[in-house]
1. Round to the nearest 0.05 the FRET efficiency obtained for Leu47 and Trp26 when R0 = 25 Å and r is the Cβ-Cβ distance.
2. Enumerate by residue number the trypsin sites (Lys or Arg not before Pro) in the range 21-56 meeting two conditions: DSSP loop (anything except H, G, I, E, B), and at most 14 other Cβ atoms within 10 Å of the site's Cβ.
3. What trypsin sites (Lys or Arg not before Pro) does the range 47-110 have in DSSP loop regions with at most 12 other beta carbons within 10 Å?
Amino acid sequence: MKGRKPKLKVIEGGAKPGRCPGPPTWLSIHAKREWKRCAPELHRRHLLIAEALATLESYCTAAGQVREFEEMMSAEGRMVTTDDGPKPHPAFKMQQAAMREARLLAAELALTPHRQGTKGNTEEAKGDGWDSDLLA
């Protein structure tokens, strides 16, 4: 828009300045690591408001479960032997569900590059034909 920009006003109930909140104590180790990875960025972008905390908790829980299930399958193997023969480890389906949930919640929190509105800005990405909005 051309011309002078209107003077902006602070709206009550928005993001509070100050320190980024720490992870809840009840989160698993992997979920806390995910919180410490993404919460500061959300706080920096003023997206970590009170209404988003429950969504962030759910996202971190799902992301933590993905890692826990991966560790479980790495230790026990991806296939288990049953009376009916070998089958995929039961954690595989739970991991897939946690991945799906984490992906949806990450999109809600604008943690995905698509939601952030960022495009590749590396030299390789320029002029390769993928920088258009064909896939958006």
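1. Once rounded, the FRET efficiency stands at 0.65.
2. Arg45
3. Working: sites: Arg67, Arg78, Lys93, Arg100, Arg103; in loops: Arg78.
Passing both the DSSP loop test and the Cβ count: Arg78.
Throughout, read-outs are computed from the coordinates displayed, never taken from laboratory work. Fair warning: this is a prediction, and the values are worked out from it, not measured in the lab. Here Cβ is always computed from backbone atoms with ideal geometry, including for glycine, and neighbour counts include all displayed protein chains.
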